[in-house]
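The block underneath contains the structure these notes are about, expressed in structure tokens.
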Amino acid sequence: MAKEMREPIESGCPDPFQYMHPTMRRNFGMWAYHEHPRPGVLLHVAKNGDKLWTVKAGTQRILDLFSLRKLCDIADEYSDGYIRFTLRSNPEFFVTEEERVEPLINALEEAGFIVGGTQNSVTTLSHTQGWLHCDIPGTDASGVVKAMMDELIDEFRNADMPNRVHITTSCCQINCGGQGDIAINVQHTKPPKINHDLVANVCERPSVVARCPVAAIRPAMVNGKPSLEVDEKKCICCGACFPPCPPMQINDAEHTKLSIWVGGNHSNARGKPTFQKLVASGIPNNPPRWPEATAIVKRILKAYNEGAKDWERINEWIERIGWPRFFEEVELPFTKYHIDNWRGSRKSLNSSAYIRF
Amino acid sequence: MAIDKYPTPMLDQLEEGPWPSFISGIKRLRDEHPNEKINKVANSLLGQLEHSYETRKGYWKGGTISVYGYGGGIIPRFSEVGHAFPESKEFHTLRVQPPAGNHYSTAMLRQLADSWEKYGSGLITFHGQTGNIMFIGADSDQYQHFFDEINDYGWDLGGAGPCVRTAMSCVGAARCEMSCTNEQKAHRLLVNNFTDDVHRPALPYKFKFKISGCPNDCQNAIERADFAVIGTWRDDMKVNQDEVKAFVEKKGRQYVIDNVITRCPTNAISLNDDDTITVNNKDCVRCMHCLNVMPKALGVGDDKGVTILIGGKRTLKIGDLMGTVVVPFKKLETEEDWESLVELAEEIIDFWAENALEHERCGEMIERIGLVNFLEGIGVEVDPNMVNHPRECSYVRMDGWDEEAIKWFDRQAEAS
């Protein structure tokens, strides 16, 4: 006899008040101001005088049960049994007495986590799933992030950049990782290789055709079987055809490159939000440490740190000094690929006599 | 029983260096966990990952699985090299909706860890880029049991595929003086109203809600959400002149001029001779910069509400799009206000579901049909706050001009 299946309880998004630190629950909507006593620590003061110190830590993000339970042990001992996670996957711990801040920091550091990521730091790189779990990854985002954070750990621990720096990685150019002041994205550089024997059995052809951003995919008969063909001159190698049609293989050991984009800024502060712009590509996809990509990121960070004024994000610094000087300062080539040819691209061309010498 | 470990010379190099290593974490599951199944899954996963590092290629493909009663919420992954690494050949991720604002008690985290230990690989991410808790690595026999257990004590799956996705909101009013709305209420009202659309993917493509309590937009809502709710205010910003003076005294006039006064994008602030400031609130665009620099001296106003922007998204398939202002200001105070927020979301999702092409995000549809058609479709009047500037191209048919002008003046008269 078939076992009766359990109906799901469609409870949706849980109420956070039951998991919220009591000081936050008590002062919900009643905060007065905040300070930054030291890197990795924020102090929020409520209108009634209540104080809450937040200690932020960096982790490996993909947590094993041992690491998760270690974070819980630390929270039980120092943070009244509460943890919050930030957008960039950094856990935050809370104390209400100043003298307990230092022991909490020590406990986190002793357990191998890194305290930092506040204010003008380079926060943890946000990233996509990569070879660990994605179906069209050109690289391993977790590995790139681990290798890069090893080199940027001081920038995470200290908050001595001109303003905060958000770095993201995405393991293909669909860019799930998001917009960052610096974004390290994979760029597939060759059209998909089609296994025509499998297409008819595996792929819903109209939906594959619909998904192509440049209308480069057409239905075709190949060797007497229904299949698909790609106009290779049009193809931008985005890989969007692969998930609905795995016989259109986009992953390629040799021709997958990393590219670096800068100037994404999601805040409205001082200017409207901005998207990231291409600065470097053709960077070898070189596991397990990706040293070439890290070297370029460090060069950009160094030039930004030395050249930007207080509060300037990377996009604002470049807007002030101009792109010609940016390419000079970071010693990167400017190529025809930097000039946009996508929809609306003429808006990005210089139609003025503003020239930098 | 000792297991036959796959060699991992490349991954081993990711254990070097001071940053915490996810490879060390997976190895702990392989070597130290008391459950032999978890040891084997971790070993197999490491083997496949090392193979990816050697060959520079990924080996996962998707499929279709879900829990009983739902159509989505799980990312199915089947290994293309399962013959070589059989223990992790099925390695699905369950997307679970976090509490609004990502608050957790350790009791609840431990309960989740205990359940995941019974049924999964032992790998968890807080949180994926869509905002879900990612329970990475359940096989086809186990995911239903895991879901049943955590669903019984309060957790539900998030969205995957063409559906309403898991929402995200900033810490907001729980710990931030910049908060201009009740972020967690907006978050839960919106996404929980569409629970059916979360669990049963039947929309043209994904639809995301994100909520930030102020224009600093810490949730990255404008760039990443089809429906972005941004807290703001419309009366005067709060100025504590004593704190302004204290700030000027501490930092110096030059610092204040360079970092506050000249940084205002609309030149709305001036520094007075007595080290107080004057703010021209009519010119202020609520960019947040001066409040960020002087949080003790400057604060948000009292007449709070939200701005709603529609159509932000990532690159696929016409390039990255920002959200567009569709509601410049909306009070969220009375129950009626909150209900009308949900109704607006319903209007938008219904209109988009009926008019979008296959695999077309809401922002792409707006680009294709034009903002005016979209506004007419959802019953929202035009407003000059929706544009950076009026049209530049004169090729347009305008024989309805007089009627439209009357509408504008009627609305102005009604509002005053």
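So which residue, out of A:ARG69, A:ARG346, A:ARG205, gets the largest mean-square fluctuation from a GNM of chain A using Cα contacts under 10 Å as springs?
Maximum among the listed residues: A:ARG346.
Rounded to the nearest 500, what is the 222 nm mean residue ellipticity of chain B from helices alone, with -39500 (n - 2.57) per DSSP H run of 4+ residues and division by all residues?
So the helix-based figure for chain B works out to -10500 deg cm²/dmol.
Which value in Å is the Kirkwood Rh of the range B:1-128 over different Cα pairs?
One decimal place: 16.2 Å for the Kirkwood radius.
Given a 1.4 Å probe and no ligands, DNA or RNA in the count, how much accessible surface is buried by B and A, both sides, to the nearest 100 Å²?
Roughly 10600 Å².
With a 1.4 Å probe and every protein chain left in place, work out the accessible area per residue of the range A:1-132 in Å², rounded to a whole number.
Value returned for the range A:1-132: 37 Å² of accessible area per residue.
Identify the GluC sites (Glu not before Pro) of the range A:272-331 meeting these criteria: DSSP loop state and at most 11 other C-beta atoms within 10 Å of the C-beta.
When the GluC sites (Glu not before Pro) of the range A:272-331 are filtered for loop state and at most 11 Cβ neighbours within 10 Å, A:GLU331 remain.
Please report the accessible area of A:GLU204 (heavy atoms, 1.4 Å probe, ligands and nucleic acids excluded) in Å², nearest 10.
130
How big is the protein assembly as shown on each of its three principal axes, counting only the C-alpha atoms and giving the largest first in Å?
In descending order, the Cα extents are 77, 70, 64 Å.
Under the Cβ-under-4.7 Å rule, which cysteines of chain A stay unpaired?
Those would be A:CYS13, A:CYS72, A:CYS134, A:CYS171, A:CYS172, A:CYS176, A:CYS212, A:CYS235, A:CYS237, A:CYS238, A:CYS241, since no other cysteine Cβ in chain A comes under 4.7 Å of theirs.
Using alpha carbons only, how many degrees (0 to 90, rounded to 10) separate the axis of helix A:101-110 from the longest principal axis of chain A?
40
Just how far, in whole angstrom, is the range B:384-416 from the range A:63-103 if you go by their alpha carbon centroids?
54
Rolling a 1.4 angstrom probe over the protein heavy atoms, how many square angstrom per residue are accessible across the range A:263-344?
49
From other protein chains only, count the Cβ atoms within 10 Å of every residue's Cβ in A:140-146, then give the mean.
5
Using only Cα atoms, what is the ratio of the radius of gyration of the range B:202-327 to 2.2 N^0.38 Å?
The reported ratio for this selection is 1.28.
In the range B:14-45, which residues become less accessible by 50 Å² or more once every protein chain is in place, relative to the chain on its own, using a 1.4 Å probe?
With the partner chains in place, the range B:14-45 has these residues losing at least 50 Å²: B:LEU14, B:PRO18, B:TRP19, B:PRO20, B:PHE22, B:ARG28.
Can you show me the helix-derived [θ] at 222 nm for chain A, built from DSSP H runs with n ≥ 4 at -39,500 (n - 2.57) apiece and divided by the number of residues, rounded to the nearest 500.
Theoretical 222 nm ellipticity from helices: -7500 deg cm²/dmol.
Return the carbon/sulfur percentage of the accessible area of chain B, one whole number, probe 1.4 Å, all protein chains in place.
Of all accessible area on chain B, carbon and sulfur atoms account for 48 percent.
Suppose we flag chymotrypsin sites (Phe, Trp or Tyr not before Pro) only when DSSP calls them loop and at most 12 other Cβ atoms lie within 10 Å. Which is the longest uninterrupted stretch of chain B?
It works out to B:154-394.
Would you mind working out the magnitude of the charge dipole of the range B:147-202 relative to its Cα centre, with +1 at each Lys and Arg C-beta and -1 at each Asp and Glu C-beta, to the nearest 20 Debye?
Here the range B:147-202 has a charge dipole of around 280 debye.
Please compute the alpha carbon radius of gyration of chain A, then divide it by the globular-protein estimate 2.2 N^0.38 Å. Two decimals is fine.
Expressed relative to 2.2 N^0.38 Å, the Cα Rg reads 1.17.
Helix B:241-251 versus the longest principal axis of chain B: what is the Cα-based angle in degrees, 0 to 90, to the nearest 10?
60
Which residues belonging to the range B:55-79 lose at least 20 Å² of 1.4 Å-probe accessible area when the assembly is complete, relative to their chain isolated?
B:ARG56, B:LYS57, B:GLY58, B:TRP60, B:LYS61, B:TYR68, B:TYR70, B:ARG77
If you filter the range A:204-264 for trypsin sites (Lys or Arg not before Pro), then keep DSSP loop positions with at most 10 other Cβ within 10 Å, what is left?
A:LYS233
Given a 1.4 Å probe and every protein chain left where it sits, what share in percent of the accessible area of chain A is carbon and sulfur?
Solvent-exposed carbon and sulfur of chain A make up 51 percent of the total.
Where in the range B:132-159 does accessible area fall by at least 30 Å² between the isolated chain and the complete protein assembly, at a 1.4 Å probe radius?
At a threshold of 30 Å² (probe 1.4 Å), the residues of the range B:132-159 that become less exposed are B:ILE136, B:ASP148, B:ASN151, B:ASP152, B:GLY154, B:ASP156.
Roughly how tilted is helix B:183-193, in degrees to the nearest 10 and between 0 and 90, from the longest Cα axis of chain B?
Here the helix axis deviates by roughly 70 degrees.
Within a Cβ distance under 12 Å of A:ALA269, other residues only, what is the Lys/Arg minus Asp/Glu net charge?
In short, +3.
What do you get for trypsin sites (Lys or Arg not before Pro) in the range B:337-416 restricted to DSSP loop and a cutoff of at most 12 other Cβ within 10 Å of the site's Cβ?
Qualifying residues, ordered by number: B:ARG391, B:ARG397.
Per residue, how much accessible surface does the range B:270-416 expose to a 1.4 Å probe? Answer in Å², no decimals.
Each residue of the range B:270-416 exposes 55 Å² on average to a 1.4 Å probe.
The values are calculated or read from the model by the stated rules, or taken from the named source; none is laboratory data. Only a predicted model underlies this, so the values are computations on that prediction, with no experimental measurement involved. Quick reminder, even Gly has a Cβ in these numbers, built from the backbone with ideal geometry, and neighbours come from all protein chains shown. In case anyone asks, the SASA skips ligands and DNA or RNA and just uses the protein heavy atoms, side chains included. Shrake-Rupley method; radii C 1.70, N 1.55, O 1.52, S 1.80 Å.
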